[in-house]
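Bear in mind these aren't lab numbers, they're just calculated from the coordinates by the rules spelled out. Note that this is a predicted model, so its numbers are computed, not measured. Quick reminder, even Gly has a Cβ in these numbers, built from the backbone with ideal geometry, and neighbours come from all protein chains shown.
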Amino acid sequence: MAEAHAAHGDSEGHHTSIWPFVIALAGGFGFGGLATQFWPSVFAGIVLLIVGVGGWVRQDLYGVSFAVKQEAEDWPFTGISSRKLGMWLFIISEVFFFTGLIAAGLALRVRADFWPTPGTSDFPLNIPLTAVNTFVLLASSFTMAEAVHSAQLGKQGHLKAFLVATLALGAFFVLIQIYEYGKLFGENLTPWPNTIRPDLGSFGTAFYAQTGFHGAHVTGGLLGLAYLTVMAWKGRYGKDKSEGVEIVGLYWHLVDVVWIFLFPIMYLIGR
Amino acid sequence: METVAHELKRPYVAVLAFLAIVTIIEVQIPTLGSAWGISHALQIVFLIGTAIIKAIMVALYYMHLRYEPRVLRLLPAGPLVFVALLILVVVLD
């Protein structure tokens, strides 16, 4: 890899590849076909996905690595860390994803025959419990910010303590959500229509789709936090090596920001 | 070392307190809204407005955008135009 790198020169061609674009096209064809139930488009998407992933892996195996090799970007992002910029671009894609999900929920809301009203006795969700859970997630963002701060100052003890606190708060959030799901299933709020409470069908679909995808993102973040915690114990991070903590932190704050919107949308706003 | 000086001044606790207080107010809206006769539209504007403010606070302070170069601060703001557009189209539909 090093030879190939040297052969290409230091600043030449690291990021140029057609394959990410091919994979994006595959997504467009595949999901477009699924949405319109046009199966040839789905088939084209699958073929493009195989070609795209195969091409990318092949290119990588034959010496053109897409691992980040330079520390900072060129114009227009002069001086900004490549890894940090990459995470911000990923965050933007996540914002689009959740916006689509929220917009779909909104479309369901305005078309549904019935939508429960928060603050009334027949509202199925537990607002006080989820308000506590919201505090937990907000607090986890605080401890994560403190963890990044500690890493930047080289305070190893504080870094470990704040990472463990963030991990614990995040795990608590997911456990409460699992508990709530179990209780709601028992009360016949399901992601699909059911015969006992058919009126809650649209609400259930919107609720589980939005909070479920968010919960999956929190769970993914917990894996990242667990990795950071193990690495922190091994002394991987310090004053000049804190970027890993900062980048996982950015992702963690993203799941907090998404919840800041999902909580009022699903729990506090009626139709 | 200027970065470290910035680090020391970051108001993380104050931001957490702000987020918590705003959330406590938000949670009261479903009950207080009907008791005080606040219109549904106004409740929605208030709740989405406070969510936007909370998200900006997290982005500025916890995600450190306030301390980042201008170009990185503008980067996440650009796509928000499309986000607003998508929501607007759904609402109008």
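Scattering from the stretch A:127-183 was approximated by placing one identical point on each alpha carbon and applying the Debye formula without solvent; log10 I(q)/I(0) at 0.23, 0.25, 0.30 1/Å stands at -0.79, -0.87, -1.08. The stretch A:14-58 and the stretch A:102-179 have Cα centres lying 34 Å from one another. Across 10 Å bins from the origin, how do the percents of Cα pairs in the protein assembly as shown run, short distances first? The distribution over the protein assembly as shown is 5, 20, 29, 26, 15, 5, 1, 0, given as percents.
Modelled spin-label separation between A:Asp199 and A:Val164, with each label point placed 7 Å from Cα along the Cα-to-Cβ direction: 5.0 nm.
Could you line up A:Tyr62, B:Tyr67 from fewest to most neighbouring Cβ atoms inside 10 Å?
On the way: A:Tyr62 9, B:Tyr67 16.
Ascending number of Cβ neighbours within 10 Å: A:Tyr62, B:Tyr67.
By other beta-carbon atoms within 10 Å, ranking B:Ser39, A:Ser41, A:Ser141 with the fewest at the front produces B:Ser39, A:Ser41, A:Ser141. Could you give the angle, 0 to 90 degrees to the nearest 10, between helix B:12-35's Cα long axis and the longest principal axis of the Cα atoms of chain B? Relative to chain B, helix B:12-35 is tipped by roughly 0 degrees. About its Cα centre, the stretch A:75-268 has a charge dipole of approximately 620 debye under the convention of +1 per Lys or Arg Cβ and -1 per Asp or Glu Cβ, with nothing else charged. Highest mobility in the GNM of chain A, judged by mean-square fluctuation with C-alpha springs under 10 Å and restricted to A:Ala151, A:Ala131, A:Ala24, is found for A:Ala24.
Rounded to the nearest Å, what's the spacing between the alpha carbon centres of the stretch B:12-37 and the stretch A:191-205? Just the number, please. Distance between centres, Cα-based: 30 Å.
To the nearest 10 degrees, how steeply does helix A:82-111 sit against the main Cα axis of chain A, on a 0 to 90 scale? Taking Cα atoms only, the helix is inclined about 20 degrees. Ordering A:Lys160, A:Lys234, B:Lys54 from the fewest to the most neighbouring beta carbons within 10 Å gives A:Lys234, A:Lys160, B:Lys54. Mind checking the angle between helix A:39-61 and chain A's longest principal axis? C-alpha axes, 0 to 90 degrees, to the nearest 10. Roughly 30 degrees between the two axes.
What is the Cα centroid distance between the stretch B:50-65 and the stretch A:251-271, reported in whole angstrom? The stretch B:50-65 and the stretch A:251-271 have Cα centres separated by 13 Å. Rg and Dmax over the alpha-carbon atoms of the stretch A:15-65 stand at 12.2, 40 Å. Using the Cβ-Cβ distance between A:Thr36 and A:Leu223 with R0 set to 35 Å, the FRET efficiency works out to roughly 0.50. Placing a label point 7 Å from the Cα of A:Ile18 along the Cα-to-Cβ direction, the residues of the stretch A:32-63 whose backbone N falls under 19 Å of that point are A:44-63. The ellipsoid that matches the Cα gyration tensor of the stretch A:219-270 has semi-axes, each √(5λ) in whole angstrom, of 31, 11, 6, with the longest given first.
If each residue of separation counts as 0.36 nm, what is the full-extension length gain between A:Ser93 and A:Arg111 once their alpha-carbon separation is subtracted? Let's see the in-between values first.
Values: separation 18, 0.36 × 18 = 6.48 nm, distance 2.74 nm.
Separation in residues times 0.36 nm, less the Cα-Cα distance, equals 3.7 nm.
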